[in-house]
Amino acid sequence: LAAAAMNRTVLPVVVVAAACAVLLLVGGADGSSPTTVPPDPVPHADPAGALTSSWFCPSPQGGPATDVAATIDIANTTSAPRTGTVRWLAAATGTATVAPFSVGPGAVLTVAAPPASSALVQSTGGGVVVEQSAAGTTGRAVAHCASDTSPTWYTANGSTLVDATEVLSLFNPFPSDAVVDIEFSTEEGREAPGAVQGLVIPAGRTTFVDATATVRRQQVTAAAVRARTGQLVVTRLQRFDGSAGRAGLSLTLAARAAAVQWTFPNAASTAADVTGWQVFNPDTREAEVTIASFPTSGDAPEPIDITVPPRSQVTVPAARDGGVPTGVPFTSTVTSSNEVPVVAERLVDVRAPDTHPGWTSVLGSPAPARRLAFAAGDTSAGAEQWLAIFNPGQTPAKVDISSMTAAGRAPIAALQGVVVPPSSQVVFRMNDYVQAAPLGLEIDATEPVVVDRTMTTIGATGLSITAGVPLADPG
Amino acid sequence: VTATDELDPTALALPVVAVVVTRDPGDWLEECLASIGAQDYPDLSVLVIDAASEEPVLPRVAEVLPAAFVRRLDVNPGFGPATNEVLGMVEGAAFYVFCHDDVVLDPTVIWALVEEAFRSNAGVVGPKLVMWDDPSRLLDVGMAADKGGVLMPMVERGELDQEQHDSVRDVFVVPGAVTMVRSDLFATLGGFDTGIEIFGEDLDLCWRAQVAGARVLVVPAARARHREGLVDRVGPDQAALLRNRHRLRTVLTCYRTYHLLWIIPQLLFLSFAELLYTVMTGSRPHAHRVVNAWWWNWQHRGEIRARRRVLKAIRRFPDREVRKLQVGGSARITRFVRGELAASKLGEELEDLSGELEDMVRRRPRKLAAVAWGLAALLFVVGTRSLLFHRIPSVAGFAPFDQSPVDLLRQYLSGWQPAGLGSAAAQPTAFALLALGGSVLLGHMGMLQQVLVLGAIPAGAVGMWRLTRPLDSPNARGVGLLLYTVVPLPWNCVAHGNWAGLILYGAAPWLLTALAEVAGELPGDEAPRERPFWAAALALGLLLACVAAFVPLAVPLLLAVAVGLTAGGLIGGRPNRLLGPISLAAGASVVAVVLHLPWAVALALGDRWSWAGVAAGGVRAFPASDLLRFETGPVGISWLGWSIPLAASVVLVLGRSWRLRWGLRCWGVALMSWTLALLGGHHALGLPPAEVLLAPGAAALALAGALGVSAFELDLRGFRFGWRQVASIVGGVAVVLAILPIALDALDGAWHLRAADHAGSLGPLAAQPVGGARTLWIGAPETLPIAGFHLDDDLDFALTTDTFGGVLDRWATSGKGAIDVLRQSILAAESGSTDQLGTLVAPFGVKYIVLVDRAAPERTDETLIPVPADIDDMAEHQLDLRKLEVEPALGVFQNVAPASVRTLHAGLSPAAVAQLDSPKDPLAAALALPAGSPVLTAQAGRPEASGRVGAGELVVGSPADDRWRVTVDGKAQSRREVLGWANGWAVPAGAASLTYETSPVRLLVVLLQVLAWVAAVVLVVRGWRRRR
């Protein structure tokens, strides 16, 4: 009886205590914290279902490079027409000139730029890709426009030697001013010239920073543009006059962020090439980087391991440590083995007597994609264009390539169902399949691939390499 | 003198005067005088000061010491002042020896003291004191003191004297029974403090002597017996009172100012802790002593100032040097710990303590209750002193009461509800109640806010007092009240501006009272139970309706509480009226819902989010450990927070019969509250913030604590000594400990709620008229100044008219229709689908977008709940938003797209008009709509506006409703739905006006609702009178 009485007393207490214990056990502190998605370092097309799509094209016509002519190419990768406006914002005044546009399904439209004006391209709906071209006496260059603004922008290469002109275009498309600091990393260390600290980029305007005058006589000038307030878009125009052997014009959209891996397919490598990689580490930690090359023929050379100190850049010639035999096209990857993100560019310097001389330095692709597109392209007489497709996966990729011209989209019959073996690249000379200007391209693959387009001018200086712009997967 | 000469000690002896102060001495005086007369010191004079003895002592002195001088005083000034007579009477003495009349000196005492004073160059010396009756036992061998002047004996009182302490040493104080002082030092010091009659003069003299650079020594070779008769003569309480006073006086006198600034807060804290302890142990004299010490010294502050000036003139030692002579820490605490909780006798002491506690609660039943009320009032007044007579900052749910009673009444009668984008939904009954309250207070809406916000706390306390009435034990009721007061919940609600939580806190005990009555078994009021179910349901329903007007979720919450109560009852056995509480809660809920018709229907069909109530704050996930301690904000100390559940658990281990069963019911309610709060934190069931859900649990646990006292009173005696006695003591200590964190936080004066608010931060924007535009707020719900709409699990958005909004914006309306379009607009921008959010929200009239990281400006240290990075990033990326630097806690963006609630779009193409009328996608239509210009900027009332318009398409960015009217030059225009959610008119140029025509049905419904409330009140009052 006593035990029963005890149970009657103790049992309820045990129940309550157990309930409290359960609460404490299941109701522990929620340790989960929101994950932050790192910004996409390179442009991408908004999904077709997006309400609007904006592209930002900083003017290449500033500083000592006012003599270049600029155009923008708008490609509509969707199956519905796209309308919108190109808002030309005068670099100096921010005065806006609005030009409406309409692009049919799968079509490409070229719009000439007014002098020294950056473009804000706004379309209804997504699936639009915009590139811009600059043409001058030292050739023609094509670069992505930006699909996003950012408070940070990085370039891994650039040169301010006596034969070079380097101009950074800082475009602020917002109604608020932006204030930025620019830091250059050269072979002699870091430089943060006072003239580009606290630099105000007024709302709607473009500021041109003549790196040649700001950071004099440096073989390599990686740049980090960091906004104290506001956001902006940055491109780099690099020009060599040929007085020191190299000649060409290169226009490159800076990277919005660093990445752990960059992939560089490559269409051609000739005996005259001076190729290599510029690796810039904008982080405050040291980066351990491995550069691997995958030639289309022959054995792959040993990967190159380098250490990139914090906020510094390192130049790696392709010929280092044996490298890849000249004349063999190859894909390369720059990978940070300790997960410290870096920015990598690949330099291609083709000099006479090669028939396609020119100089360019291009960002790689930080991630493969199943669908990619190019807005600008040219396979008309006098121009030559190659397409390199690299399949980094372990499964063969089937690739369909379509052309986009002013008339619309058309599959290229010979380039349907092209198989790209795992860890391999294939290269096509596009002039062999289609002749058009402007010529946009759309690549649909069954597996994620990386695509580069190389454009040259036959018989003249001009070399431009651009990575494909990832498109959202349909549906 | 030659080498062969012997030194004659008498020749070297300096004159010493022994001063004996006496008053109505007993028969020990002769023995004392005889011992002085028997001293072997050659040059000793004796002065006896008769401090107005009733029977002059002269004959007795003459009989023993014929050579002694006797001075008789007409009044008794006290020991110190009487002793100071020596300064005017004696000249040429090298030392004075001040003696009580109840000491007996060994024959060599004076010699020993003089000798050591010379040897050590001491200013004050004293002998070893032993017990009067047993000289082999020690009383004092000098004393140490802490920074607060609390004396710490160097020996254990009654310790056997085995000469173990017989070395000369520096001490802080030599006991005043026998003290030898160098005469020049005594003159310099001005003698004893004349403000100290008895007790404490020795501390004061020694302290000042040390400040003046003199050493204080104890000379154990000199021994005196001490009878300690003084305490007997004045009584121990008075002695302690005087010691406390004088000790504080000495401290206030002897420290320099800057040192006092550091010491006084510490002493205040210790006094406060001592006060709490004494209050809880029921020691009124002790509490009086603590308070009196401060009060007495405050009254004598002029004297203290004067003495400080005197001391400053002779100061040779800085305080830091004097502090080196003191002991570290607190002698009081050390003594308490050492004395009260000696581990070696823990069991015995706990038993004693238990007995004392039992004795205390039995003998002084009403005292504890009075103390609980006093403490509750003190905490409330001290803790909210900065809010009581000032404007309550508009933080989170503390809406500014910016409408007059007439405006509120007009709004209540109107058919258009303005909160958010506005809607034709029924008006909240709260508007009418606020109008009524404002009228009662003659339109003082600020006062009404004080009453409704801060008044919830005393309402809760009174409710708890009422809830515990059936226990019929003032002690139990006092503890219940105390526990409910020191729960951190309401204070954290104040800190976070959680009005809904406060309302529930105020109402919870009343709601529980009604449920407890119907559940039965409580002993105190069996008689009044006999009332019909409908009457009980009506009364509870009326109360519930009042609460639900501000916190609609109170209705389902009451049902949950009833379920918890029933479940707890089931654990304890088979209760008599098992379903009584649930039935009553259901009945009351029906009454409440009926009283809130038609608003209740609108609410039920609307956004479940709004059930939480008046900007109830967001749902944050607290760990269960925080919920169990009711710590949802800055108020509280983690480990001490467990005191409340600990105190509430006593009933479970001590209780029998109805006490245990009711204890289990209370725990059932608490577990229900915690479970709901835990689920709510994980966004389950659309539950409101934890503070709202925890209030019934807090009330239930306080009741459990009260039941624990009842069990202590009634059940403990039935057990033999064992762990239950220990548990009762632990429970008692837990109650005391539970007070500490709240007491500490009360010092803040506003429970960490700072005066600054976002209304002030946004003042510059408000100064720029926005002409019928709105502000879109995005942030965690608890940071928003108004009721919001759900954006995602952790994020709300809200709209205010103009910049900050007011009390009308505090009731969220339907979160559907147009609000959905706005929500989609924000989500589209968040997902990166557009970077033209400004254009998208322009038709809603959104001029500013404010991202809120804190409920109040950054300098207030209000909890940081940052807007998610993707939202921040989204706003930064919008091409038509201009960022304004206003306040770090706010991300303010101005819409550069023309935005107004009333916009005229002139010259639209037919295609554009067609898209306006029949948009495939409201968002795409908004993007395609050419910019318009604001019109009808003269606003007469909230929906009404007027002004001149040109010809074109007038778009009013309020949800489409066919009762909107537009007239141009007096001619009615035809309304249609545009953009898929807004109102549009094709208007000609002219003078236009916009009105909302309220339906007559609405007025009829209002009439019915008023009648229902009046009927309910009348019936409840009649029933109450009948019961009385």
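The values are calculated or read from the model by the stated rules, or taken from the named source; none is laboratory data. Predicted, not measured: the structure shown is a model, and the values here were computed from it. Virtual Cβ from ideal backbone geometry, glycine too; neighbours counted across all protein chains shown. To get the accessible areas, we keep the full protein, side chains included, count just its heavy atoms, and leave off ligands, DNA and RNA. Shrake-Rupley method; radii C 1.70, N 1.55, O 1.52, S 1.80 Å.
If you go through the stretch A:434-452 and pick out every residue that is open to solvent by 10 Å² or more (accessible area, probe 1.4 Å) and over 26 Å from A:Ala407 (Cβ atoms), you end up with 3. Scanning the stretch B:872-896 for residues that are more than 8 Å from chain A (Cβ to nearest Cβ), part of a helix (DSSP H, G or I) and open to solvent by 40 Å² or more (accessible area, probe 1.4 Å) returns B:Asp872, B:Asp873.
Screening B:Pro866 on (1) under 30 Å from B:Ser933 (Cβ atoms); (2) within 11 Å of chain A (Cβ to nearest Cβ) shows it passes everything except condition (1). Applying the condition of being open to solvent by less than 20 Å² (accessible area, probe 1.4 Å), more than 10 Å from chain A (Cβ to nearest Cβ) and of a type outside the set (A, V, I, L, M, F, W, C) to the stretch B:637-655 and asking which residue is nearest to B:Leu747 (Cα to Cα) yields B:Gly641.
Restricting attention to the stretch A:215-240, the residues that are part of a strand (DSSP E or B) and under 21 Å from A:Ser59 (Cβ atoms) add up to 13.
Checked against the criterion of being open to solvent by less than 20 Å² (accessible area, probe 1.4 Å), closer than 26 Å to A:Thr149 by Cα, in contact with a Cys (Cβ under 8 Å, 6 or more places away or on another chain) and in contact (Cβ under 8 Å) with a residue 60 or more places away in the chain, the stretch A:267-283 contains not a single residue that satisfies it. Can you find even one residue in the stretch B:843-861 that is within 14 Å of chain A (Cβ to nearest Cβ), modelled with pLDDT of 90 or more, open to solvent by 40 Å² or more (accessible area, probe 1.4 Å) and in contact with a strand residue (DSSP E or B) (Cβ under 8 Å, 6 or more places away or on another chain)? No - not one qualifying residue is present in the stretch B:843-861.
At least 2 residues being surrounded by fewer than 18 Cβ atoms within 10 Å (Cβ to Cβ) is the threshold, and among the strands (runs of 3 or more DSSP E) wholly inside the stretch B:61-132 those reaching it are B:69-73. A search for C-beta distances below 6 Å between a residue of the stretch A:146-168 that is more than 14 Å from chain B (Cβ to nearest Cβ) and part of a strand (DSSP E or B) and any residue that is at pLDDT below 90 and open to solvent by 10 Å² or more (accessible area, probe 1.4 Å), counting only pairs 6+ apart in sequence or on different chains, returns A:Thr165/A:Pro64; A:Thr165/A:Thr212; A:Glu166/A:Thr212; A:Val167/A:Gly63.
Restricting attention to the stretch B:192-212, and to residues there that are farther than 11 Å from B:Phe317 by Cα and not hydrophobic (A, V, I, L, M, F, W, C), which single residue is modelled with the lowest pLDDT? Ranking the qualifying residues of the stretch B:192-212, first place goes to B:Glu197. Using the structure shown, decide if A:Ser102 is in contact with a Ser or Thr (Cβ under 7 Å, 6 or more places away or on another chain), surrounded by 24 or more Cβ atoms within 10 Å (Cβ to Cβ) and of a type in the set (Ser, Thr, Tyr). It is false that A:Ser102 is in contact with a Ser or Thr (Cβ under 7 Å, 6 or more places away or on another chain), surrounded by 24 or more Cβ atoms within 10 Å (Cβ to Cβ) and of a type in the set (Ser, Thr, Tyr). Filtered by the rule that a residue be of a type in the set (A, V, I, L, M) and not in a helix (DSSP H, G or I), the stretch B:217-248 gives B:Leu217, B:Val218, B:Val219, B:Ala221, B:Ala222, B:Ala224. Can you find even one residue in the stretch B:472-479 that is open to solvent by less than 10 Å² (accessible area, probe 1.4 Å) and modelled with pLDDT of 90 or more? Checked against the condition, which is being open to solvent by less than 10 Å² (accessible area, probe 1.4 Å) and modelled with pLDDT of 90 or more, the stretch B:472-479 yields no hits at all. Consider the stretch A:44-77 and keep the residues that are modelled with pLDDT of 85 or more and surrounded by fewer than 22 Cβ atoms within 10 Å (Cβ to Cβ). The one that is farthest from the other protein chains (Cβ to nearest Cβ) is A:Ala69.
In the set (1) within 14 Å of chain B (Cβ to nearest Cβ); (2) open to solvent by 40 Å² or more (accessible area, probe 1.4 Å); (3) over 20 Å from B:Ala928 (Cα atoms), A:Thr137 fails one condition alone, (1). When we screen A:Thr466, A:Thr405, A:Thr461, A:Thr456 for residues that are among the hydroxyl-bearing types (Ser, Thr, Tyr) and surrounded by fewer than 21 Cβ atoms within 10 Å (Cβ to Cβ), the only hit is A:Thr405. Scanning the stretch B:213-247 for residues that are under 40 Å from the mean Cα position of the chain (by Cα) and either crowded, with 24+ Cβ neighbours inside 10 Å or under 22 Å from B:Ala313 (Cα atoms) (or both) yields B:Asn244, B:His246, B:Arg247.
So which residues in the stretch A:152-180 are of a type in the set (D, E, K, R) and either closer than 26 Å to A:Val121 by Cβ or at pLDDT 95 or above (or both)? Listed by number, the residues that qualify are A:Glu166, A:Asp177. Find the residue count for the stretch B:897-923, including only residues that are of a type in the set (A, V, I, L, M), surrounded by fewer than 19 Cβ atoms within 10 Å (Cβ to Cβ) and in a helix (DSSP H, G or I). Result for the stretch B:897-923: 4. Output yes when any residue across the stretch A:408-424 is in a strand (DSSP E or B), under 19 Å from A:Gly248 (Cβ atoms) and open to solvent by less than 20 Å² (accessible area, probe 1.4 Å), and no when none is. Looking through the stretch A:408-424, none of the residues is in a strand (DSSP E or B), under 19 Å from A:Gly248 (Cβ atoms) and open to solvent by less than 20 Å² (accessible area, probe 1.4 Å).
Scanning the stretch B:488-505 finds one or more residues that are at pLDDT below 90 and touching a His at 6+ places or on another chain (Cβ under 7 Å). Taking (1) away from chain A (no Cβ under 14 Å); (2) modelled with pLDDT of 85 or more in turn, B:Asp607 satisfies each apart from (2). The set of residues in the stretch B:972-996 being part of a loop (DSSP other than H, G, I, E, B) and either surrounded by 16 or more Cβ atoms within 10 Å (Cβ to Cβ) or in contact with a Ser or Thr (Cβ under 8 Å, 6 or more places away or on another chain) (or both) consists of B:Gln973, B:Leu979, B:Gly980, B:Trp981. Filtered by the rule that a residue be open to solvent by 40 Å² or more (accessible area, probe 1.4 Å) and either outside any loop (DSSP other than H, G, I, E, B) or at positive phi (or both), the stretch B:133-167 gives B:Arg137, B:Leu151, B:Pro153, B:Leu160, B:Glu163. Annotation note: of B:Ala396, B:Ala430, B:Ala419, the sole residue that is open to solvent by less than 20 Å² (accessible area, probe 1.4 Å) and either at positive phi or without any contact (Cβ under 8 Å) to a residue 24 or more places away in the chain (or both) is B:Ala396. Remark: pairs (first residue in the stretch B:480-507, in a helix (DSSP H, G or I); second residue of a type in the set (Lys, Arg) and open to solvent by 10 Å² or more (accessible area, probe 1.4 Å); Cβ separation under 9 Å; 6+ apart in sequence or on different chains) = B:Pro488/B:Arg629.
The residues of the stretch B:622-636 that are facing chain A (nearest Cβ under 10 Å) and part of a loop (DSSP other than H, G, I, E, B), listed by number, are B:Phe622, B:Pro623.
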